[in-house]
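**Student:** Sharing a structure below in structure tokens format, with a few things to ask.
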Amino acid sequence: MQLKPANPQLRRGLMAASCALLGGTAAQAQTAAGEDQSWQVDAGLLYYKENAGRLRTIEPVVSLKKDFGDQRVLDGTFVLDTLSGATPNGAIPSRKPQTFASPSSTSLTPRAGAKTTLYTIAPGNLPQDPHFHEQRAAGDLDWSQPIGIDNTLSFGGHLSTEHDFNSAAVNAAVSHDLNAKNTTLSAGFNEEYDQIHARGGDPIPATDYTLLERERAQTKNVAGALLGVTQVMSRNWIAQLNYAYDRSQGYLTDPYRILSVVDGSGSVTGYRYESRPDTRVRQSLYWDNKVALGPTVLDVSYRRGKDDWSVTSDTVDVHLRIDVGRDMYLEPHVRWYRQSAADFYHLYAIQEVPLPTYMSADPRLAAFTATTIGFKFGVKLAHTGELSLRLEEYQQKPADRSSPLSQLQGLDLNPGVKAAIVQIAWRQDF
Amino acid sequence: MHIAKLTRRLIWLALALTATGCNTIGVKPWQREILARPAMALNAYPVDAAIDDHIYFSKEGASGGRSFGGGGCGCN
């Protein structure tokens, strides 16, 4: 009788099952299953495109994971972003043409020694800077290992650089398994330091736009903590609950956003740079559930967030992974998001009323709902590989987009955004 | 419900689950074959998750929750 060579997938499945028998968590079982593979590579390419000639992004991502055995794992992720297109500057549409300077300009009127790059927006159109172009490179490196019995320590760092923004962060976390490894408690912290050096300098918040008052590079830092519980609920259900807290401090103003100032009729009389508080405290609760329904896997998560800028949010995210034959799967995805406006968000400022200390027309701080609908299709490759394609559409619907002022009636002051998300990904164990 | 109140309740629930142990919730070691499937990992596709976190961080006022959220990006 001739013995057939061992099927690698069967072997790994048996190893995973063996590890499960020894009492590891689901995640640990996976790690053990991959012990005979030195490297795991995850590579993805994202193409993101917004409507109306707005932002386009091409983003390659590569993640490398090296398993050194005994649950000691090194994980690195590298990202390159190329962004281009038009980006709203925060001003509202007007009945008259509006002229703005690109951020690198040092003057709104051409004169000797001054750099002036202007763009003019036609009446009724949303003011957008058409010259936006940015490249970003980022990397993460994380290490995890067991310490003592039933404990895991992980720590890592993050570096990111853009033409006008640098960021560095460190993080560390410990987790502890108990209840026959049915429960995992974890606690972690994160410290991030950012440097903002906008083209032409960082605007002094709330100053008159025409004066182009800039200052040197500004900084901010973010300190965060995260507490989590992962619980095996049954043979086919695992749940996770996280509480996250972070505090940002420093220059939190967006250096490229302005705000229209209008008179009592709604005619634009000028512009101000936006101005945000220099601290922000955010909290969130995140609850994720994975349930196997036969071969199908349902992933449902809910997140509740709030901060001291009065932005509260709810997010519901649902994935349903359906096996198609032995080697393919289809994963429909629906996400629903809602947020309230920051207490200093305004579509515009009124000239007759004293200007508030803090004000922003950034659509990200407006009240809106957003939906993402799409699917992912995956094909298993030989030797534990996988190729996948993801197609999704993201759409924001702002709650407040009109004004009762006579000159602004009929104008869409915050049209929202619609975007296509295309991602191809490849995963392979070596 | 106020988030602090909800948080307190969830912490009490987690402590209660911890105290009651595997007698009431959880599985025996030999009952983990479904949980050991790669698709059952809570973060089965970390690259997808990282890309999503970046997109939503740059378009929305809230971020994070699953892990330390977003950040490290000017995202104009």
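**Student:** Confirm whether A:V316 is exposed (fewer than 15 other Cβ atoms within 10 Å of the Cβ), without any contact (Cβ under 8 Å) to a residue 12 or more places away in the chain and more than 10 Å from chain B (Cβ to nearest Cβ). Write out each step before concluding.
**Tutor:** Working: exposed (fewer than 15 other Cβ atoms within 10 Å of the Cβ): yes; without any contact (Cβ under 8 Å) to a residue 12 or more places away in the chain: no; more than 10 Å from chain B (Cβ to nearest Cβ): yes.
Against the criterion (exposed (fewer than 15 other Cβ atoms within 10 Å of the Cβ), without any contact (Cβ under 8 Å) to a residue 12 or more places away in the chain and more than 10 Å from chain B (Cβ to nearest Cβ)), A:V316 does not qualify.
**Student:** Does the range A:394-404 include one or more residues that are in contact with a helix residue (DSSP H, G or I) (Cβ under 9 Å, 6 or more places away or on another chain), part of a loop (DSSP other than H, G, I, E, B) and away from every other protein chain (no Cβ under 12 Å)?
**Tutor:** The answer is yes, given that some residue of the range A:394-404 is in contact with a helix residue (DSSP H, G or I) (Cβ under 9 Å, 6 or more places away or on another chain), part of a loop (DSSP other than H, G, I, E, B) and away from every other protein chain (no Cβ under 12 Å).
**Student:** Okay, next question. A:P332 is checked against (1) more than 9 Å from chain B (Cβ to nearest Cβ); (2) of a type outside the set (S, T, Y); (3) surrounded by 14 or more Cβ atoms within 10 Å (Cβ to Cβ); (4) assigned to a strand (DSSP E or B) and fails just one. What number does that condition carry?
**Tutor:** Of (1) more than 9 Å from chain B (Cβ to nearest Cβ); (2) of a type outside the set (S, T, Y); (3) surrounded by 14 or more Cβ atoms within 10 Å (Cβ to Cβ); (4) assigned to a strand (DSSP E or B), only one is false for A:P332: (3).
**Student:** Looking for whichever is among the hydroxyl-bearing types (S, T, Y), on the phi < 0 side of the Ramachandran plot and surrounded by fewer than 20 Cβ atoms within 10 Å (Cβ to Cβ) here; the options are A:S167, A:S160, A:S144. Which one fits? Explain how you work it out, then say what you get.
**Tutor:** Working: A:S167 fails: surrounded by fewer than 20 Cβ atoms within 10 Å (Cβ to Cβ); A:S160 fails: surrounded by fewer than 20 Cβ atoms within 10 Å (Cβ to Cβ).
A:S144 is the lone residue from the list that is among the hydroxyl-bearing types (S, T, Y), on the phi < 0 side of the Ramachandran plot and surrounded by fewer than 20 Cβ atoms within 10 Å (Cβ to Cβ).
**Student:** Might you check whether a residue that is under 30 Å from A:N89 (Cβ atoms), of a type in the set (S, T, Y) and within 12 Å of chain B (Cβ to nearest Cβ) occurs anywhere in the range A:58-72? Reasoning before the result, please.
**Tutor:** The initial filter retains those residues of the range A:58-72 that are under 30 Å from A:N89 (Cβ atoms), namely A:58-61.
Now narrow it down to the ones that are of a type in the set (S, T, Y): none.
Checking the range A:58-72: not a single residue is under 30 Å from A:N89 (Cβ atoms), of a type in the set (S, T, Y) and within 12 Å of chain B (Cβ to nearest Cβ).
Conditions tested, residue by residue: (1) modelled with pLDDT of 95 or more; (2) under 23 Å from B:N43 (Cα atoms); (3) charged (D, E, K, R).
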position: A:K290; (1), (2), (3): yes, yes, yes
position: A:V300; (1), (2), (3): yes, yes, no
position: A:V324; (1), (2), (3): yes, yes, no
position: A:R335; (1), (2), (3): yes, yes, yes
position: A:H346; (1), (2), (3): yes, no, no
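**Student:** Further, regarding this structure: Given the criteria in contact with a Phe, Trp or Tyr (Cβ under 7 Å, 6 or more places away or on another chain) and under 27 Å from A:S248 (Cβ atoms), does A:N166 qualify?
**Tutor:** Values: in contact with a Phe, Trp or Tyr (Cβ under 7 Å, 6 or more places away or on another chain): no; under 27 Å from A:S248 (Cβ atoms): yes.
Spelling it out, it is not the case that A:N166 is in contact with a Phe, Trp or Tyr (Cβ under 7 Å, 6 or more places away or on another chain) and under 27 Å from A:S248 (Cβ atoms).
**Student:** Modelled with pLDDT of 95 or more and surrounded by 14 or more Cβ atoms within 10 Å (Cβ to Cβ): is that true of A:L45 in this structure? Spell out how you get there, then give the answer.
**Tutor:** On the way: modelled with pLDDT of 95 or more: yes; surrounded by 14 or more Cβ atoms within 10 Å (Cβ to Cβ): yes.
Taking the combined requirement at face value, the residue satisfies it.
**Student:** If you don't mind, there's one more thing I want to ask. Which one is farthest from the chain's Cα centre (by Cα) among residues in the range A:336-377 that are more than 15 Å from A:R401 (Cβ to Cβ) and among the hydroxyl-bearing types (S, T, Y)?
**Tutor:** Going through the qualifying residues, I end up with A:T357.
**Student:** Of all residues in the range B:35-60, which are more than 7 Å from chain A (Cβ to nearest Cβ), of a type in the set (G, A, S) and outside any helix (DSSP H, G or I)?
**Tutor:** B:A44, the sole residue that qualifies.
**Student:** Let me ask something additional. Quickly run through the range A:247-271 and pick out the residues that are over 22 Å from the mean Cα position of the chain (by Cα) and either buried (at least 19 other Cβ atoms within 10 Å of the Cβ) or more than 17 Å from A:I121 (Cβ to Cβ) (or both). Before you say what the answer is, go through the steps one by one.
**Tutor:** In the first step, residues of the range A:247-271 are kept if they are over 22 Å from the mean Cα position of the chain (by Cα); the result is A:258-271.
Within the range A:247-271, A:I258, A:L259, A:S260, A:V261, A:V262, A:D263, A:G264, A:S265, A:G266, A:V268, A:Y271 qualify.
**Student:** Which numbered condition trips up A:L74, out of (1) at pLDDT 95 or above; (2) under 26 Å from A:L405 (Cα atoms); (3) surrounded by fewer than 19 Cβ atoms within 10 Å (Cβ to Cβ)?
**Tutor:** The single condition A:L74 does not satisfy is (2).
**Student:** Can you say whether A:L241 is within 22 Å of the chain's Cα centre (by Cα) and closer than 20 Å to B:V27 by Cα, as far as the supplied structure shows?
**Tutor:** Working: within 22 Å of the chain's Cα centre (by Cα): yes; closer than 20 Å to B:V27 by Cα: yes.
Yes: the conditions hold for A:L241.
**Student:** Could you figure out which of (1) over 30 Å from A:D70 (Cβ atoms); (2) surrounded by 18 or more Cβ atoms within 10 Å (Cβ to Cβ); (3) more than 10 Å from every other protein chain (Cβ to nearest Cβ) isn't true of A:D177?
**Tutor:** (1)
**Student:** Collect the residues in the range A:138-153 that are part of a strand (DSSP E or B) and either at pLDDT below 95 or within 11 Å of chain B (Cβ to nearest Cβ) (or both), keeping them in residue-number order. Let's see the steps before the verdict.
**Tutor:** Of all residues in the range A:138-153, those part of a strand (DSSP E or B) come to A:138-146, A:151-153.
A:A138, A:G139, A:D140, A:D142, listed by residue number.
**Student:** Let me ask something else. Being at positive phi and either part of a strand (DSSP E or B) or surrounded by fewer than 20 Cβ atoms within 10 Å (Cβ to Cβ) (or both) is the requirement here; does A:S310 meet it? Steps first, answer last, please.
**Tutor:** Values: at positive phi: yes; either part of a strand (DSSP E or B) or surrounded by fewer than 20 Cβ atoms within 10 Å (Cβ to Cβ) (or both): yes.
When the stated conditions are applied, A:S310 passes them.
**Student:** Determine, yes or no, whether A:V222 is β-branched (V, I, T), at the interface with chain B (Cβ under 9 Å from one of its Cβ atoms) and under 24 Å from B:L42 (Cα atoms).
**Tutor:** On the way: β-branched (V, I, T): yes; at the interface with chain B (Cβ under 9 Å from one of its Cβ atoms): yes; under 24 Å from B:L42 (Cα atoms): no.
No: the conditions fail for A:V222.
**Student:** When you look at A:L227, is it facing another protein chain (nearest Cβ under 7 Å) and either in contact with a Leu (Cβ under 6 Å, 6 or more places away or on another chain) or at pLDDT 95 or above (or both), yes or no?
**Tutor:** Working: facing another protein chain (nearest Cβ under 7 Å): no; either in contact with a Leu (Cβ under 6 Å, 6 or more places away or on another chain) or at pLDDT 95 or above (or both): yes.
Against the criterion (facing another protein chain (nearest Cβ under 7 Å) and either in contact with a Leu (Cβ under 6 Å, 6 or more places away or on another chain) or at pLDDT 95 or above (or both)), A:L227 does not qualify.
**Student:** Using the structure shown, decide if A:E50 is within 14 Å of another protein chain (Cβ to nearest Cβ), modelled with pLDDT of 95 or more and within 30 Å of A:P203 (Cα to Cα). Steps first, answer last, please.
**Tutor:** Working: within 14 Å of another protein chain (Cβ to nearest Cβ): yes; modelled with pLDDT of 95 or more: yes; within 30 Å of A:P203 (Cα to Cα): yes.
Spelling it out, A:E50 is indeed within 14 Å of another protein chain (Cβ to nearest Cβ), modelled with pLDDT of 95 or more and within 30 Å of A:P203 (Cα to Cα).
**Student:** Quick one: in the range A:78-97, of everything that is of a type outside the set (A, V, I, L, M) and under 10 Å from A:R54 (Cα atoms), which residue is surrounded by the fewest Cβ atoms within 10 Å (Cβ to Cβ)?
**Tutor:** Within the range A:78-97, the subset of a type outside the set (A, V, I, L, M) is A:78, A:81-82, A:84-85, A:87-90, A:93-97.
Those left that are additionally under 10 Å from A:R54 (Cα atoms): A:84-85, A:87-88.
Working: A:S84: 15, A:G85: 18, A:T87: 19, A:P88: 23.
It comes out as A:S84.
**Student:** Return the total of residues in the range A:325-335 being over 22 Å from the mean Cα position of the chain (by Cα) and within 14 Å of A:L387 (Cα to Cα). Steps first, answer last, please.
**Tutor:** To start, the set of residues in the range A:325-335 that are over 22 Å from the mean Cα position of the chain (by Cα) comprises A:325-330.
Still in the running and within 14 Å of A:L387 (Cα to Cα): A:327-330.
So the count comes out to 4.
**Student:** Continuing with the same structure: Got a sec? Which of A:G374, A:G378 is more than 20 Å from B:I55 (Cα to Cα) and touching a residue at least 24 places away in the same chain (Cβ under 8 Å)? Full working, then the answer.
**Tutor:** Working: A:G374 fails: more than 20 Å from B:I55 (Cα to Cα).
Within the list A:G374, A:G378, the selection yields A:G378.
**Student:** Please indicate, with yes or no, whether at least one residue in the range A:272-287 is among the polar types (S, T, N, Q), under 28 Å from A:A86 (Cα atoms), modelled with pLDDT of 95 or more and buried (at least 20 other Cβ atoms within 10 Å of the Cβ). Walk me through it before giving the result.
**Tutor:** So in the range A:272-287, the residues among the polar types (S, T, N, Q) come out as A:275, A:279, A:283-284.
Adding the requirement that they be under 28 Å from A:A86 (Cα atoms) leaves A:275.
Next cut, modelled with pLDDT of 95 or more only: A:275.
Add one more test, that the residue is buried (at least 20 other Cβ atoms within 10 Å of the Cβ), and what stays is A:275.
Yes; the residues of the range A:272-287 include at least one that is among the polar types (S, T, N, Q), under 28 Å from A:A86 (Cα atoms), modelled with pLDDT of 95 or more and buried (at least 20 other Cβ atoms within 10 Å of the Cβ).
**Student:** Going by the structure shown, is A:G305 closer than 30 Å to A:R214 by Cα and either surrounded by fewer than 17 Cβ atoms within 10 Å (Cβ to Cβ) or touching a helix residue (DSSP H, G or I) at 6+ places or on another chain (Cβ under 9 Å) (or both)? Quick ask: steps written out before the conclusion?
**Tutor:** Details: closer than 30 Å to A:R214 by Cα: no; either surrounded by fewer than 17 Cβ atoms within 10 Å (Cβ to Cβ) or touching a helix residue (DSSP H, G or I) at 6+ places or on another chain (Cβ under 9 Å) (or both): yes.
When the stated conditions are applied, A:G305 does not pass them.
**Student:** Picking from A:V261, A:V232, which residue would you name as being within 12 Å of chain B (Cβ to nearest Cβ), part of a strand (DSSP E or B) and not hydroxyl-bearing (S, T, Y)?
**Tutor:** Working: A:V261 fails: within 12 Å of chain B (Cβ to nearest Cβ).
Answer to the check: A:V232.
The values are calculated or read from the model by the stated rules, or taken from the named source; none is laboratory data. Keep in mind it's a predicted model, so treat the numbers as computed, not measured. Quick reminder, even Gly has a Cβ in these numbers, built from the backbone with ideal geometry, and neighbours come from all protein chains shown.
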